[in-house]
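Beneath this line is the structure, given in structure tokens, with notes to follow.
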Amino acid sequence: MNARNMRWGVLVASLALALTACGGGGGNQLAGGTDIPVDTGAKFEPGTTMADLQQGGKIRIGTKFDQPLFGLKGLDGTPQGFDVEIGKIVAAKLGLSPDQIEWVEAPSKTREEIIEQGRVDMVVATYTVNEKRRERISFAGPYYEAGQDLMVAADNTEITGPDSLRATGAKVCSVTGSTPAEEIKKYVDPQNLTLFDVYSKCADALRTGQVQAVTTDNVILMGLVENGGGKFKLVDKQFTSEPYGIGIKKGDVAFCRFIDDSLTTAAGDGTYEKAWQATAGKVSPQAPTLPQLDPCS
Ligand code: GLU
């Protein structure tokens with residue numbers, strides 16, 4: 001990045017922060033103050049999920065409540081983050097404004113279950129697409145690609161990647177029902193692996209020295225580092241690929257295609273990038289490009 005681009009980046013970032021500060025809440029605004037136009041004239045074939053949601057005037061979206069940058073519930077009771085903005089983008093295409101969204105907490109272990117039981121209409125929750133999950137639900141997207149990494153105490157110099165965990169006898173924390181919890185079993189003996197239901201509990205365990213590392217996707221860890229008051233750092237050695245999809249009822253191909261079209265439109269008109277800049281972009285300014293979408297099935 002040259003000096004001019006850098007200055008421009010700083011300016012854009014400061015502007016986004018300023019807009020956030022005076023953005024207030026409500027309306028159809030991104031966290032950074034950017035409008036997501038609500039498609040009030042949208043028309044859907046009767047009997048489709050889209051028509052039902054539009055007619056019902058409400059959508060229930062599962063997301064995380066304790067993950068800074070992607071889904072973090074604030075004092076006003078509404079979550080904020082990139083996943084939340086993706087949810088709002090899809091809702092807007094259904095003609096639904098943010099105040100017509102009911103946010104439902106979706107910890108990793110519960111995601112397939114709440115979709116199957118119809119307790120949510122979709123899940124946008126740092127949710128890796130994989131074949132095992134596809135046996136129970138369908139995914140639209142992916143809309144982002146993360147990768148597993150490690151977070152350690154800021155002064156830790158021993159843990160340099162997953163291969164150093166066994167040698168240092170490190171205790172590691174992750175979350176039940178997550179892909180990182182499975183992957184890390186290759187590198188850590190069972191007695192050294194602690195699993196909680198949410199990542200904020202792992203951050204607490206690292207803060208108090210009960211574990212020496214937390215493992216999950218790099219962007220989740222970046223949020224925890226950012227909120228950790230200088231106590232944590234990212235090891236920054238990504239060792240998996242985690243494409244984030246939007247979980248929906250298994251076999252709802254029309255809804256999957258609709259979500260994919262909404263993502264493609266948002267990427268084309270700049271809304272996707274603005275959603276990033278207003279949320280995760282505060283820590284990782286380089287906006288991603290929308291990954292190639294998987295076929296709907
Ligand atoms: N993306 C991984 C997963 O879906 C880890 C993040 C999470 O637990 O939400 O399992």
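Read the figures in this text as sums done on the coordinates, not as results from a lab. Model, not experiment: these values are computed from the prediction. FYI the Cβ positions are ideal-geometry reconstructions off the backbone, even for glycines, and counts take in every protein chain you see.
Key figures for this structure:
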| read-out | value |
| --- | --- |
| Charge dipole of the chain about the Cα centre (unit charges at C-beta), most positive-ward option of VAL90, VAL219, THR179 | VAL219 |
| Residue-averaged 222 nm ellipticity for the chain, from DSSP H runs of 4+ at -39500 (n - 2.57), nearest 500 | -10000 deg cm²/dmol |
| Ranking of ASP269, ASP83, ASP261 by count of other Cβ atoms within 10 Å, fewest first | ASP269, ASP261, ASP83 |
| Long-range HN-HN contacts of ASP66 with modeled amide H, under 5 Å | LYS73 |
| Equivalent ellipsoid semi-axes - Cα gyration tensor, the chain, angstrom | 32, 24, 16 |
| For THR240, residues with placed amide H under 5 Å, excluding near neighbours | GLN148 |
| Reference-scaled alpha-carbon Rg (2.2 N^0.38 Å with N residues) for the range 133-268 | 1.18 |
| Residues of type lysines that LYS274 reaches as a straight line, Cα spacing below 17 Å, ignoring anything fewer than 8 places off in the same chain | LYS88, LYS93, LYS282 |
| Label point distance in nm, GLN191-GLN210, each placed 7 Å from Cα along Cα→Cβ | 1.9 |
| Karplus-derived 3J(HN,Hα), 6.51/-1.76/1.60, for each residue of the range 149-159, Hz, glycine and proline x | 8, 10, 10, 9, 4, 4, 9, 7, 10, 7, 8 |
| Residues ILE36, ILE220 arranged by fewest to most Cβ contacts within 10 Å | ILE36, ILE220 |
| Relative packing of 201-211, 173-183, which averages over residues the other C-beta atoms within 10 Å, highest first | 173-183, 201-211 |
| For THR157, THR40, THR240, THR215, order by how many other beta-carbon atoms lie within 10 Å, fewest first | THR157, THR40, THR240, THR215 |
| Inter-centroid distance (Cα atoms) of the range 82-139 relative to the range 201-276, Å | 13 |
